[in-house]
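The values are calculated or read from the model by the stated rules, or taken from the named source; none is laboratory data. Keep in mind the model is a prediction, meaning the values are calculated, not measured. Methodologically, a virtual Cβ is constructed for each residue, glycine included, from the backbone with ideal geometry; neighbour enumeration extends over all protein chains shown. Surface accessibility is based on the protein's heavy atoms, side chains included, excluding ligands, DNA and RNA. Shrake-Rupley method; radii C 1.70, N 1.55, O 1.52, S 1.80 Å.
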Amino acid sequence: MKNLAQSNYSSALETVRNLKAKYGNTWNAINPESAARMVTQNRFKTGLDIAKYTASIMRKDIAEYDADASNYTQSLGCWHGFVAQQKMIAVKKHHKTTSKRYLYLSGWMVAALRSEFGPLPDQSMHEKTAVPSLIAEIYDFLRQADAIELNDLFNRLERGEDVQDEIDNFETHVVPIIADIDAGFGNEEATYLLTKKMIEAGACAIQIENQVSDAKQCGHQDGKVTVPHEDFIAKLNAIRYAFLELGVEEGIIVARTDSEGAGLTQKLPVSQEPGDLASQYLAFVEAEEIDINDAREDDVLLKRNGKLVRPVRLPNGLYKFKDGSNIDRVVLDCVTSLQNGADLLWIETPTPNVKQIAHMVNRVRQVVPNAKLVYNNSPSFNWTLNFRNQAYDDMVLEGENMTAYDRNNLMDSEYDNSELCFRADQKIKTFQIDAAREAGIFHHLITLPTYHTTALHMNDLTEGYFGDEGMLAYVKGVQRQEIRKGVSCVKHQRMAGSNLGDDHKTFFAGDKALKAGGEKNTSNQFETKTCNTQVEEKLSVVA
């Protein structure tokens, strides 16, 4: 937003000057310019400020996507505030704007990495308070990124550099979070209470799934049990009420259906009249026709099309859906959710296939024309194998000679430079663009990227550091790359707020401030000195 930082600065400056005049000599030590600078560096005072601001961003982005599907949005899942901070700093550095880049908070990663119980599966076993705590932590780190960057800009301005325009048009690191509330962690009242905590922490978009909360499974695992539509609608209502109570009128609800891979239900809803939602849900339940005389003691029976039927019930008391009913259930889930307050949909799919996703979305759009998705570009998919299979099928249809490929071994590295690999990788590269255009996907996210990148980087560093390379493994693979790529945290003291703190101490204590950033601060080794670089280049040429 244009001129926001400077307008904040000017307003704060005037306010502090007026306060100094009001309170007289007791405020002599307070410098209005320093106070106004600190106000500017902390634009968002509360999580609710963030939720209102980011909700308006999402609403604007949704409208722009509806007008042009090339305006899709993206995010990466982050499990720590520092990870989110470094992501958004990198976004600004490489892409010059945070526009249409969000953050995703994954319940899977909260369970696996943030629970006091230790690593847990994605089954809503972790503390529900861990979710709003992580949201608040992420925004603390993003606000600190704002403060550090603006502090640097103000210091440069004081040194006479022409950076006023950068201050006036400063773009915050604070962006929308789509936050996973799993299946709501209990009944609708529990969902409402937790939603409030998440919104107060800063979340503008709540993603909720239609599984039974105490039997919740990861969307990419078996054993999922869905709830009747009435139960899910009650939780959608609970979330909307929470948004309205807290004044976040533009809050976003993402309704996730796990019906594509779910074959079980825990409850049989009560139908009030033929064709109502409960009736439609019951129609999907697998049942066998029986005679009343064949009914067992304590059997549950239904009347269907004038006949008596017995729903198929498993030993654990759960009811089974008809085989092959999953896509029809997905479509009904989506339509019903959109008709009852959801803004966006999330469909878990078995593979990342644009045509399959589009098939479901187009059916939904026959009823709700502006239906659109948040889609999980999941690490649970084997992307290489899936798209090599898709490319293989395309090549067969085109009459290509496929004898050089073993269909049962397409992951083999021997195919990495083949025509098949080239086609598959192109499909992967354009997947988000294609799916946004053809399958109604407004937002693409990767749920667990930073979980996997952390594991991969630790694998690579460990191999060398504890092997023959020793310290060279860290220097060559990490620090040298940070320096040459301009990664902000190479000066980790600054990134943790040391420079910012020094300036604050100067505001508070003046010349008496004990500061960390003196000559003996080893972080000075990372300062870029153009003259030294030129000398090194000349020496390199001579050598």
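Going by average Cβ neighbours within 10 Å, how do the peptides 274-286, 184-196 rank, with the highest at the top?
Order by mean packing, descending: 184-196, 274-286.
What aspartates and glutamates does Lys60 reach when the alpha-carbon gap must be under 14 Å and sequence neighbours fewer than 8 apart in one chain are set aside?
Qualifying aspartates and glutamates at Cα under 14 Å: Asp68, Glu249, Glu250, Asp343.
If I take all pairs of Cα atoms in the stretch 385-466, what percentage of them are more than 19 Å from each other?
The answer is 57 percent, as a whole percent.
For the stretch 172-310, take every pair of Cα atoms, bin their distances at 10 Å starting from 0, and report each bin as a whole percent.
Final binned percentages: 11, 33, 28, 17, 8, 2, 0, 0.
Rounded, prolate or oblate: which fits the stretch 12-143 when a ≥ b ≥ c are the square roots of the eigenvalues of the alpha-carbon gyration tensor, with rounded for a/c under 1.5 and prolate only if a/b beats b/c?
oblate
Largest first, how would Leu103, Leu120 line up by accessible area (1.4 Å probe)?
Leu120, Leu103
Over the stretch 40-92, with a single point scatterer placed on each C-alpha, what log10 of the ratio I(q)/I(0) does the Debye formula yield at q = 0.13, 0.23 1/Å?
At q = 0.13, 0.23 Å⁻¹ the computed log10 ratios are -0.46, -1.10.
Thinking of the stretch 284-410 as a set of Cα atoms, what percent of all their pairs are more than 24 Å apart?
When all Cα pairs of the stretch 284-410 are counted, 56 percent exceed 24 Å.
Please tell me which of these pairs span more than 19 angstrom C-alpha to C-alpha: Lys92/Lys197; Lys87/Lys491; Lys429/Lys476; Lys87/Lys485?
Values: Lys92/Lys197 29 Å; Lys87/Lys491 16 Å; Lys429/Lys476 29 Å; Lys87/Lys485 14 Å.
Distance filter (> 19 Å) returns Lys92/Lys197; Lys429/Lys476.
Taking 30 Å as R0, compute the FRET efficiency from the Cβ-Cβ separation of Glu463 and Glu414 and round it to 0.05. Don't skip to the end; give the middle numbers.
Numbers: r = 24 Å, r/R0 = 0.80.
It comes out at approximately 0.80.
Distance cut-off 23 Å, Cα to Cα: go down the list Lys100/Lys355; Lys93/Lys505; Lys224/Lys322 and report the pairs above it.
Lys100/Lys355; Lys93/Lys505, as the Cα separations exceed 23 Å there.
At each listed q (0.13 Å⁻¹), what is the log10 of I(q)/I(0) that the Debye formula gives for the chain modelled as equal alpha-carbon point scatterers?
After summing over all Cα pairs, the log10 values are -1.38.
I'd like the Karplus ³J(HN,Hα) series for the stretch 152-167: coefficients 6.51, -1.76, 1.60, θ = phi - 60°, whole numbers in Hz, and an x wherever there's a Gly or Pro.
Whole-Hz 3J(HN,Hα) from phi for the stretch 152-167: 4, 5, 5, 5, 5, 4, 5, 7, x, 6, 8, 10, 4, 5, 5, 6.
Looking at the chain only, what percent of DSSP beta bridges run antiparallel? Nearest 5 please.
Among the beta bridges of the chain, antiparallel pairing accounts for roughly 25 percent.
So how much slack lies between Arg59 and Ile30, counting 0.36 nm per residue of separation and subtracting their Cα-Cα distance, in nm?
Stretched out fully, the Arg59 to Ile30 stretch lengthens by 6.4 nm.
Within the stretch 397-436, whose backbone N sits under 15 Å from a point 7 Å along Cα→Cβ of Asn362?
Flagged as within label range: 435-436.
Can you give me the % of accessible surface on the stretch 336-472 that is carbon or sulfur? Probe 1.4 Å, all protein chains present, nothing else counted.
Carbon and sulfur atoms account for 50 percent of the accessible area of the stretch 336-472.
Within 10 Å, count the other beta carbons around each residue, average over each peptide in 441-451, 87-97, 465-475, 347-357, and list them highest first.
Going by the mean number of other Cβ atoms within 10 Å, highest first, we get 441-451, 347-357, 87-97, 465-475.
Explain nothing, just compute: Karplus ³J(HN,Hα) = 6.51 cos²θ - 1.76 cosθ + 1.60, θ = phi - 60°, for every residue of the stretch 463-474 in order, whole Hz, x for Gly and Pro.
4, x, 5, 8, x, 6, 6, x, 5, 4, 4, 6
Can you give me the pair-distance distribution of the stretch 305-349, C-alpha pairs, 10 Å bins, whole percents?
Computed distribution, short to long bins: 21, 34, 33, 13.
So what does the Cα-only Debye profile of the stretch 67-186 read at q = 0.11, 0.15, 0.17, 0.22 Å⁻¹, as log10 I(q)/I(0), no solvent term?
For the requested q values the scattering log ratios are -0.47, -0.75, -0.87, -1.17.
Let me cross-check Ser70: its accessible surface, 1.4 Å probe, with only protein heavy atoms counted, in Å² to the nearest 10?
80 Å²
Quick one: what are the phi-derived ³J(HN,Hα) couplings along the stretch 397-408, Karplus 6.51/-1.76/1.60 with θ = phi - 60°, whole Hz, x for glycine and proline?
Working through the residues one at a time gives 5, 7, x, 5, 7, 9, 5, 7, 10, 8, 4, 8 Hz.
Which aspartates and glutamates, if any, have their Cα less than 17 Å from the Cα of Lys307, not counting same-chain residues under 8 positions apart?
Glu273, Glu286, Glu288, Glu289, Asp291, Asp294, Asp299
Quick one: pull the percent of accessible area on the stretch 1-147 belonging to carbon and sulfur, 1.4 Å probe, ligands and nucleic acids left out.
Solvent-exposed carbon and sulfur of the stretch 1-147 make up 56 percent of the total.
So how far, in whole Å, is the C-alpha centre of the stretch 387-425 from the one of the stretch 174-195?
The two parts, judged by their Cα centres, are 43 Å apart.
How charged is the neighbourhood of Asn31? Take every other residue with its Cβ under 10 Å from the Cβ of Asn31, and add Lys/Arg as +1 and Asp/Glu as -1.
Local charge sum for Asn31: +1.
Share of Cα-Cα pairs in the stretch 326-394 beyond 16 Å, in percent?
50 percent
Search the structure for amide H atoms under 5 Å from the amide H of Phe321, placed 1.01 Å from N in the peptide plane, and list their residues when 5 or more places away or on another chain.
Those lying under 5 Å, H to H, from Phe321 are Leu264, Thr265, Glu286.
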